Amino acid sequence: MKKFFGNLILTTLALTLMGCGFSDKGNAGKGQGASYEQAVDILNLIWENTPEEEKFPSYGGNSSDPVMDAPGTVDRGDTNLLSYTLLVPEDLQESVTDAASLVHMMNGNTFTGAALKIQGTEVEKAAENVRDTVAGNQFVCGFPERLTVITAGDYILYAFGSEENVTSFQSIAESKVEGAKVIYNQLLE
């Protein structure tokens with residue numbers, strides 16, 4: 001009898017503890033807003049859910065201290081990186097309180113992705129500003145094929161580059177990022 005109750009208690013405890021780590025990812029992207037601590041957390045979520053066969057050599061964060069093959073946090077004081085690599089509009093840079101990036105190692109026009117936390121301005125208007133800046137940029141060494149701009153709470157996520165890489169980024173963001181809403185998805189010409 002003691003053995004029976006001992007097993008019953010252990011089974012109940014095991015089932016209870018298994019539920020503690022449960023997360024309903026099926027409803028991700030359907031919430032009202034995103035609650036991520038850092039911009040890099042969002043890009044890490046997307047990159048971790050990217051199938052291995054779709055990953056490419058990359059770096060993230062600052063060019064002076066990059067994170068290899070993963071997203072990294074961007075120093076908001078590095079205006080060259082913000083302006084010329086990530087194409088963050090100059091008039092928006094003051095509103096960026098946190099930023100992260102993931103860039104293709106060989107050619108940023110193959111893939112450049114970023115997450116920006118915005119404060120003090122309307123996120124959808126800022127997303128439009130990002131879209132206009134990327135679409136109006138004069139690219140060197142090839143032209144990116146596609147641009148996607150996504151909002152998630154106070155964050156703007158965007159990527160430009162090859163059709164395949166950007167489509168994958170968007171698809172994963174829509175399914176995994178809480179509150180993700182595609183604002184722009186367009187071919188670049």
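Data table
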item	result
Residue satisfying condition, being within 25 Å of Glu37 (Cα to Cα), assigned to a helix (DSSP H, G or I) and of a type in the set (Ser, Thr, Tyr), within set Ser175, Ser101	Ser175
Residue check, Ile46 within 14 Å of the chain's Cα centre (by Cα), under 11 Å from Glu178 (Cα atoms) and modelled with pLDDT of 95 or more	no
Any hit, segment 89-101, residues being buried (at least 16 other Cβ atoms within 10 Å of the Cβ), over 15 Å from the mean Cα position of the chain (by Cα) and under 23 Å from Met68 (Cβ atoms)	no
Count of segment 148-169 residues which are surrounded by 22 or more Cβ atoms within 10 Å (Cβ to Cβ) and more than 19 Å from Gln119 (Cα to Cα)	7
Scope segment 55-66; condition in contact with a Gly (Cβ under 9 Å, 6 or more places away or on another chain), modelled with pLDDT of 95 or more and surrounded by fewer than 18 Cβ atoms within 10 Å (Cβ to Cβ); matching residues	Pro66
Any hit, segment 126-144, residues being closer than 17 Å to Ser101 by Cα, in contact (Cβ under 8 Å) with a residue 60 or more places away in the chain and among the small types (Gly, Ala, Ser)	no
Residues of segment 68-90 classified as in a strand (DSSP E or B) and within 10 Å of Ser101 (Cα to Cα), total	2
Every residue from segment 112-139 that is surrounded by fewer than 20 Cβ atoms within 10 Å (Cβ to Cβ) and of a type in the set (D, E, K, R)	Glu122, Glu124, Lys125, Glu128, Asp132
Contacts under 8 angstrom Cβ, first residue in segment 77-91 being without any contact (Cβ under 8 Å) to a residue 24 or more places away in the chain, partner of a type in the set (Gly, Ala, Ser), 6 or more apart	Asp78/Ser63; Asp78/Ser64; Leu81/Ser63; Leu81/Ser101; Leu82/Ala99; Glu90/Ser83
Subset tally (residues that are among the basic types (Lys, Arg) and either in contact with a strand residue (DSSP E or B) (Cβ under 8 Å, 6 or more places away or on another chain) or closer than 15 Å to Ile42 by Cβ (or both)) for segment 54-76	1
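The values are calculated or read from the model by the stated rules, or taken from the named source; none is laboratory data. Since we're looking at a predicted model, the values are computed, not measured. Positions of Cβ are generated from backbone atoms using ideal geometry, with glycine treated the same way; all protein chains shown enter the neighbour counts.
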